[in-house]
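Since every read-out is calculated from the coordinates, none of them should be taken as a lab result. Please read these numbers as outputs of a predicted model, since none were measured by experiment. All Cβ positions, glycine included, derive from the backbone under ideal geometry; neighbour counts span all protein chains shown.
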Amino acid sequence: MSVKVRFFARFRELLGTNIIVEPASGAMLADVIKEIAARKKEGHDAIFDDQGIFREFVIIMKNGRRIETEDAGKTPVADGDEIAVFPPVAGG
Amino acid sequence: MFSERELDRYKRQIMLFGEKGQERLKDAHIFIAGAGGLGSPVSIYLAVAGVGTITIVDMDTVDQSNLNRQILHYDRDIGRKKIESARDKLTALNPDIVINAIDAKIDESNVAGLVGDAGGIVDAMDNYPTRYLLNEVAIRNDIPFFHGAIRGFYGQATTIIPKKTPCLQCIIPCAPPKEVFPVVGVTAGLIGMIQTTEVVKYLTEEGELLTNRLFIWDGMQSASEEICVEKNPSCSACGTAKKGE
């Protein structure tokens, strides 16, 4: 199974983007993001809090549809899925 | 009716959307929340486009550190109220429109009164708590809300039409942490121009609006993305779980 993960803005700076991973069958969305984020502590900490829970402002999309961060742990990924992870910005 | 001067001033855009479109701009009243990074280009271009009434609200004084992006304000304005500086510049750019420049901090108690009878709100704020207040007024008054936000070389924008599209709180239910954000003036210009393009299209009834989509700009890559966004039925601002219902 092959899944593409795209990070945006600050998350891209820290973790890169268009990352192709091959998660095990039955893997959940949160597992896939966590595995990539684990490659760089700063990137991980930007997305997850001390408890390893998604920071509340993080936005996740799967194939163009929003997945609530609290549901990412129970949302399975499938071959060909495209996942986008991004931080909204606040300045004006 | 337009004066000869106005017809001449708007000649090149009347070619695009006719006198009828220009009249729609002239009859419009747009509320701009903030006279900073986004509020500067938005107000300048709405003024020169001939939006008849512009209300612009800000509470701050011009600071030297604003001048890399807040192009409404000049070096000589340091220490002046942003609103006074905004009034001077916008009136000088287009004396045929009305500028209501209001020195105020937008809060829960005054937001509805400040927006008044405006037919659209441009989000040029730098924080989500105020954005959410404006979003709620837009929903209540059934008027569009043109969202934009920036950080560094990154920006985002979307157009919210109450009842038809997700509201700001559906799209971004939780604000990112408050910070002194890094920013370069061009990002404010670029996102401000997307917002302003949306206002002009909305008022002249031309083109397709940036609705149900969040536009994301990555200036470091010179790449843009669009994310489809959907209404959240349990949204606390526009959904069935709305406050007080």
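Averaged over A:8-15, how many beta carbons belonging to a partner chain fall within 10 Å of each residue's beta carbon? Don't skip to the answer; put the middle values down first.
Values: counts 8, 12, 4, 0, 5, 5, 0, 0.
Average neighbour count from other chains, rounded to a whole number: 4.
In sequence order, region B:223-230 has phi-based couplings of 9, 10, 9, 10, 10, 5, 10, 10 Hz under the Karplus curve 6.51 cos²θ - 1.76 cosθ + 1.60, θ = phi - 60°, and Gly or Pro positions carry x. Here the Karplus curve 6.51 cos²θ - 1.76 cosθ + 1.60, taken at θ = phi - 60°, turns the phi angles of region B:85-93 into couplings of 4, 4, 4, 4, 5, 5, 5, 5, 5 Hz, with x standing for Gly and Pro. The order of B:40, B:109, B:234, going from fewest to most other C-beta atoms within 10 Å of their C-beta, is B:109, B:234, B:40.
What does the structure give for A:50-60 when I average, per residue, the other chain Cβ atoms found within 10 Å of the residue Cβ? Mind dumping the intermediate values first?
Values: counts 0, 0, 0, 0, 0, 3, 5, 7, 2, 8, 0.
Going residue by residue through A:50-60 and averaging, the value is 2.
Using θ = phi - 60° in the Karplus curve 6.51 cos²θ - 1.76 cosθ + 1.60, the 3J(HN,Hα) couplings for region A:67-74 round to 10, 4, 4, 5, 9, 5, x, 10 Hz; x is entered for Gly and Pro. Normalised by 2.2 N^0.38 Å, where N counts its residues, the alpha-carbon radius of gyration of the protein assembly as shown equals 1.05. With neighbours defined as other Cβ atoms within 10 Å of a residue's Cβ, the residues B:43, A:25 order from fewest to most as A:25, B:43. Each DSSP beta bridge with both residues in the protein assembly as shown is either parallel or antiparallel, and the antiparallel ones are about 55%. Peptides A:59-69, B:146-156 ranked from most to least packed, by the mean per-residue count of other Cβ atoms within 10 Å: B:146-156, A:59-69. When only the Cβ of Lys, Arg, Asp and Glu is charged (+1, +1, -1, -1), the dipole of chain B relative to its Cα centre reaches about 80 debye. Using the Cβ-Cβ distance between residue B:74 and residue A:41 with R0 set to 56 Å, the FRET efficiency from 1/(1 + (r/R0)^6) comes to roughly 0.80. Sort region A:3-86 into rounded, prolate or oblate with this rule: let a ≥ b ≥ c be the square roots of the eigenvalues of the Cα gyration tensor; rounded if a/c is under 1.5, and if a/c is not under 1.5, prolate when a/b is larger than b/c, oblate otherwise. Rounded, since a/c falls under 1.5.
Rounded to the nearest 500, what is chain A's calculated 222 nm mean residue ellipticity when only DSSP H runs of at least 4 contribute -39500 (n - 2.57) each, over all residues? Display every interim value, and only then the final one.
Values: 3 runs with 23 residues, N = 92.
Helix contribution divided over all residues of chain A: -6500 deg cm²/dmol.
Which percent, nearest 5, of DSSP beta bridges in chain B are antiparallel? Kindly include the intermediate steps, with their values, before the conclusion.
Details: 18 of 37 bridges.
So the antiparallel bridges amount to about 50 percent of the total.
Helical content of chain B, expressed as a calculated mean residue ellipticity at 222 nm, amounts to -11000 deg cm²/dmol (DSSP H runs of 4 or more residues, -39,500 (n - 2.57) each, divided by residue number, nearest 500).
Considering only C-alpha atoms, what is the centroid distance from region B:63-79 to region B:129-177, in Å? Using only Cα atoms, the two centres lie 27 Å from each other. Rounded, prolate or oblate: pick one for chain B, where a ≥ b ≥ c are the square roots of the eigenvalues of its C-alpha gyration tensor, a/c under 1.5 means rounded, and failing that, prolate if a/b is larger than b/c, else oblate. Note, shape of chain B comes out rounded.
Across peptide B:146-157, how many C-beta atoms of other chains are within 10 Å of each residue C-beta, on average? Could the numbers behind the result be given before it?
Values: counts 0, 0, 3, 5, 4, 8, 5, 2, 10, 4, 7, 0.
That average works out to 4.
From most to least packed by mean Cβ count within 10 Å, the peptides B:68-76, B:194-202, B:97-105 give B:194-202, B:68-76, B:97-105.
Summarising the amide proton neighbourhood of residue B:28: residues at separation of 5 or more, or on other chains, whose placed amide H is nearer than 5 Å comprise B:52, B:53. Taking the Cα centre of region A:3-86 as reference, the dipole from Cβ charges on Lys and Arg (+1) and Asp and Glu (-1) amounts to some 280 debye. Among B:167, B:228, sorting on how many other beta-carbon atoms sit within 10 Å of each Cβ, with the fewest leading, yields B:228, B:167.
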